[in-house]
1. Using a 7 Å offset from the Cα along the Cα-to-Cβ direction at both Met102 and Gln214, what is the distance between the two label points in nm, to one decimal?
2. Can you list the aspartates and glutamates whose alpha carbon sits under 13 Å from that of Lys215, skipping same-chain ones fewer than 8 residues off?
3. Expressed as cubic angstrom per residue, what is the convex hull volume of the alpha carbon set of segment 108-166?
4. Would you mind counting up the charge near Leu170? Only other residues with Cβ under 14 Å from its Cβ, with Lys and Arg at +1 and Asp and Glu at -1.
5. So how long is each side of segment 1-148 along the principal axes, counting just the alpha-carbon atoms, biggest first, in Å?
6. When DSSP assigns beta bridges and you keep just the ones with both residues in the chain, what percent turn out antiparallel, to the nearest 5?
7. For labels at Lys63 and Asn191 in the simple 7 Å Cα→Cβ model, what's the distance in nm?
8. Which parts of segment 142-158 would a label at Arg135 reach, counting a residue when its backbone N lies under 18 Å from a point 7 Å out along Cα-to-Cβ?
Amino acid sequence: PKKAQAMSVTTNRPSELLVDIEQQKPMPLRANFSCEAGQLLALVGPSGAGKSSILRVLAGLMKPASGRIEVGGQVWLDTQKGVFQTPQQRRVGLVFQNYALMPHLSAAANVALALQHLPKGEQIIEAVQWLKRVRLTSDEAMRKPAQLSGGQQQRLCIARAIAVNPDILLMDEPCSALDPIATSIIEELINELRERFTIVIVTHSMQQAARVSQKTGYFHLGNVIEFGETNDIFTRPQNEQTEAYISGRIG
């Protein structure tokens, strides 16, 4: 147990993220942005704008026609030099919009799926420690997903994602299905995790981006058409599309 506890509190310091990718097919996608260590990046825009596709590119699930991705000084993608790290080679934590939990397993057993590198006897012990980090109790760790609230299930998903000690944590609409109280808890947790992990979240809500992120990229038709400090974009947008989205004239 002592070993598991020590492993649970040992996490990366956040790393700088550099992204510059472009393609025309099968869907137009163009993004050039960066996120400093300790900052949280929000990708904002309406459905179908290309936000989730960028998460897939960062995770290595999709290879763009051209571009470069660097995380903490490690090159994950460089099409000019023929570099493409697979998802297995990248240390990425994914929080899916639909949770993607195993319904027949306990919360701890779900997290243990990300801990297969440990001896079998240590996996559940370690999983419980990760669940405690996202404020789930030992009793809740033994429950199946259906016995947890939506907010608790989302925290379970976050625990599973950070259990791999990722270089980057990717979150797809982390609060879209949650009530205001659960959303507040998740956003507070996200802000805490920012001190340990490089985080990129996809959200349709500029209000959420304003609450949790330091950098924001606004997507329109597959392109990042405005990128910068979140406060600047929210209060002084330079693009008509961005301003219309913030004001609610388009959705």
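The values are calculated or read from the model by the stated rules, or taken from the named source; none is laboratory data. Here the structure is a predicted model, which means the values were calculated and not measured. Cβ sites come from the backbone with ideal geometry, for glycine too, and all protein chains shown count toward neighbours. Just so you know, the surface numbers come from the protein's heavy atoms only, side chains and all, with ligands and any DNA or RNA stripped out. Shrake-Rupley method; radii C 1.70, N 1.55, O 1.52, S 1.80 Å.
1. 3.7 nm
2. Glu16, Glu36, Glu226, Glu229, Asp232
3. Values: hull volume 3.9 nm³, N = 59.
Once divided by residue count, the hull of segment 108-166 is 66 Å³.
4. With Lys, Arg at +1 and Asp, Glu at -1, the net is +3.
5. 49, 32, 26
6. Roughly 55 percent of the DSSP beta bridges within the chain come out antiparallel.
7. About 4.1 nm separates the two model spin labels.
8. Inside the label zone: 148-158.
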